[in-house]
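The values are calculated or read from the model by the stated rules, or taken from the named source; none is laboratory data. A quick note: this is a predicted structure, and the numbers were derived from the prediction, not measured. Methodologically, a virtual Cβ is constructed for each residue, glycine included, from the backbone with ideal geometry; neighbour enumeration extends over all protein chains shown.
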Amino acid sequence: MPEHEPLIPKRGGYRKLRSFQIAQVVYDVTVRFCDRYVDRRSRTHDQMVQAARSGVQNIAEGSQASGTSKKTELKLTNVARASLEELRLDYEDFLRQRGLELWGPDDPALVRFKAKRCSSLEEVRDWAEEERRRGGAQDEHGRARTDTDFGGGANEGSSVSVGGSSSVSVGGGPCRPSYSSELVANAALSLLNLCCHFLDRQLTAQAEAFEKEGGFTERLYRTRTNRRRAE
């Protein structure tokens, strides 16, 4: 151990963590996604938003607490990981229950999304719009690609045709299942997979550091021992 080891090391650099950066994008996307496609009065809406928020907040809180408690850092990082796993299941449920497709890792649209390395809600929205334009009026399953707009705009608050005759307003509640919701749900899942990967690595590194160096109590003992030796 270093002879002049600081009692409370530098901490709180969470904004530079890839896990935190991606979790923030997931949170922003999830808030917008739920407002567009999930009934705001439903429990699922609140749970998805809170799970996304928990991922962000617990990464930050764990990093901030690391200076005085490696145990707390590990615990909170694991809470973040568990919250994002819950959110991942919610997105998968959304797709399955509405008969939408869960894309495989080699899906062309998903490959293009990964290549974008989106770091903001706006970049995710731009990618989704590009994919709608790329496929024209319909996708390979015959679903309309432009029936809803994740980014809002002209389609928000408009009416959509149902069965070729009547129409219903989509401005006052969640939009009907659409290619847009399929696009964004799969994009969110891709971001969640990456974020969970980084959190798994983070947890492994934190556990190894804790085993090797101990926590605040061990650091306090080493500091006091070194001080006595120097006297």
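General remarks:
- Filtered by the rule that a residue be surrounded by fewer than 21 Cβ atoms within 10 Å (Cβ to Cβ) and in contact with a helix residue (DSSP H, G or I) (Cβ under 7 Å, 6 or more places away or on another chain), the range 29-46 gives Val31, Arg32, Asp39, Thr44, His45.
- Candidates Leu7, Leu76, Leu95, filtered to the one that is modelled with pLDDT of 95 or more and either outside any helix (DSSP H, G or I) or under 15 Å from Ala188 (Cβ atoms) (or both): Leu95
- Whichever residue in the range 92-124 is free of Cβ contacts under 8 Å to residues at least 60 places away in the same chain and of a type in the set (A, V, I, L, M, F, W, C) and, among such residues, is farthest from Gln64 (Cα to Cα): Val111
- Yes/no for Gly157 being modelled with pLDDT of 50 or more and more than 21 Å from the chain's Cα centre (by Cα): no
- Every condition in (1) surrounded by fewer than 18 Cβ atoms within 10 Å (Cβ to Cβ); (2) aliphatic (A, V, I, L, M); (3) at pLDDT below 95; (4) part of a helix (DSSP H, G or I) holds for Ala82 except the one numbered (3).
- Filter pass, Leu89 being out of contact with any strand residue (DSSP E or B) (no Cβ under 6 Å at 6 or more places or on another chain), free of Cβ contacts under 8 Å to residues at least 60 places away in the same chain and not polar (S, T, N, Q): yes
- Where Arg15 falls short, out of the listed (1) modelled with pLDDT of 95 or more; (2) part of a helix (DSSP H, G or I); (3) within 17 Å of the chain's Cα centre (by Cα); (4) not aliphatic (A, V, I, L, M): (1)
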